[in-house]
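Structure, as structure tokens:
The values are calculated or read from the model by the stated rules, or taken from the named source; none is laboratory data. All values derive from a computational prediction rather than experimental measurement. Heads up, the Cβs are rebuilt from the backbone with ideal geometry, glycines too, and the neighbour counts pull from every protein chain shown.
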Amino acid sequence: MSTLLEVSDVTVSFDGFRAINNLSFHIGPAEMRAIIGPNGAGKTTFMDIVTGKTKPDKGRVIWGARRLSLLGLSEARIAREGIGRKFQKPTVFEDQSVQENLLMALKNRRGPLSVLFYRPMAAHLARVAALAEEIGLADQLQRKAGELSHGQKQWLEIGMLLAQEPKLLLVDEPAAGMTPAEREHTTNILVEAAKTRAVVVVEHDMEFVRRLGCKVTVLHEGSVLAEGSLDHVTADKEVIDVYLGR
Ligand code: ADP
């Protein structure tokens, strides 16, 4: 299988403390991966490294078939390379409609020069309608984002990220604070999204991870402790010890 993102032997220290310790991680172009691990395991720092927010002390971060090194690239440049990140808290424009939020994301797709890639409004609206369908908000297009439920806002933000057509989507605890029905819908959106792009989900809710049905990477003290199916990693003695705090 080809590799989309290759993180090799990466180390990051904060004041001498190794938050990431010789971490290696690979993901393919249309793969879903869940990252789990106790608090402080390095999950957020890992995403910060991939998106260019944190620069590693050592190691390599290689992107795509061109084998581009992401080290030293700005966050904006990395985003333009096709790496999208969804933070836990949804950041939608509350006083704009669902349609306007999606349109804005679509127009931002090519950055500030998007006016040079003029497309008729009808084409944008058709794409927005398709995105709304994908995230299950087709019947909410005219509603103000501020009136949506917590779950719907999360889906809208995922839709806004999908509008940018990322090749890799990093998602931080998408199911936090959701009802069981909302969690199930979120699973469906992510599973669908992962058919055409890589999706990395950081998640604490094991039932949610089980539903994703994907390979799991367990982080602990900044390194990969175990990797494989959820059943495989949760049967691992070291993983059990870490989770039980032994
Ligand atoms: P997780 O997301 O798995 O909970 P983090 O990546 O947030 O873990 O943190 C990993 C470790 O690095 C923790 O011990 C945390 O306290 C430490 N850490 C993270 N960011 C910083 C920072 N900016 N300065 C100092 N320590 C940090």
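So the values come out like this:
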quantity	calculated
Test result for residue 29, within 27 Å of residue 243 (Cβ to Cβ) and not in a strand (DSSP E or B)	no
Unmet criterion (only one of (1) more than 7 Å from the ligand (Cβ to nearest atom); (2) out of contact with any helix residue (DSSP H, G or I) (no Cβ under 6 Å at 6 or more places or on another chain); (3) of a type in the set (Gly, Ala, Ser)) for residue 34	(2)
Unmet requirement for residue 90, which otherwise passes all of (1) within 16 Å of the ligand (Cβ to nearest atom); (2) not in a strand (DSSP E or B)	(1)
Filter result for residue 15 (at pLDDT below 95 and near the ligand (Cβ under 9 Å from one of its atoms))	yes
Test for residue 59: is it on the phi > 0 side of the Ramachandran plot, surrounded by 13 or more Cβ atoms within 10 Å (Cβ to Cβ), modelled with pLDDT of 95 or more and within 16 Å of the ligand (Cβ to nearest atom)	yes
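Here's the yes/no breakdown for (1) surrounded by 13 or more Cβ atoms within 10 Å (Cβ to Cβ); (2) at pLDDT 95 or above; (3) of a type in the set (A, V, I, L, M):
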{"residue": "86", "(1), (2), (3)": "yes, no, no"}
{"residue": "105", "(1), (2), (3)": "yes, no, yes"}
{"residue": "108", "(1), (2), (3)": "yes, no, no"}
{"residue": "119", "(1), (2), (3)": "no, no, no"}
{"residue": "136", "(1), (2), (3)": "yes, yes, no"}
{"residue": "141", "(1), (2), (3)": "yes, yes, yes"}
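Each row is one residue, and each column tells you yes or no for (1) under 17 Å from the mean Cα position of the chain (by Cα); (2) in a strand (DSSP E or B); (3) hydroxyl-bearing (Ser, Thr, Tyr); (4) under 29 Å from residue 208 (Cα atoms).
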| site | (1), (2), (3), (4) |
| --- | --- |
| 7 | yes, yes, no, yes |
| 19 | no, yes, no, yes |
| 41 | no, no, no, yes |
| 48 | yes, no, no, yes |
| 72 | no, no, no, no |
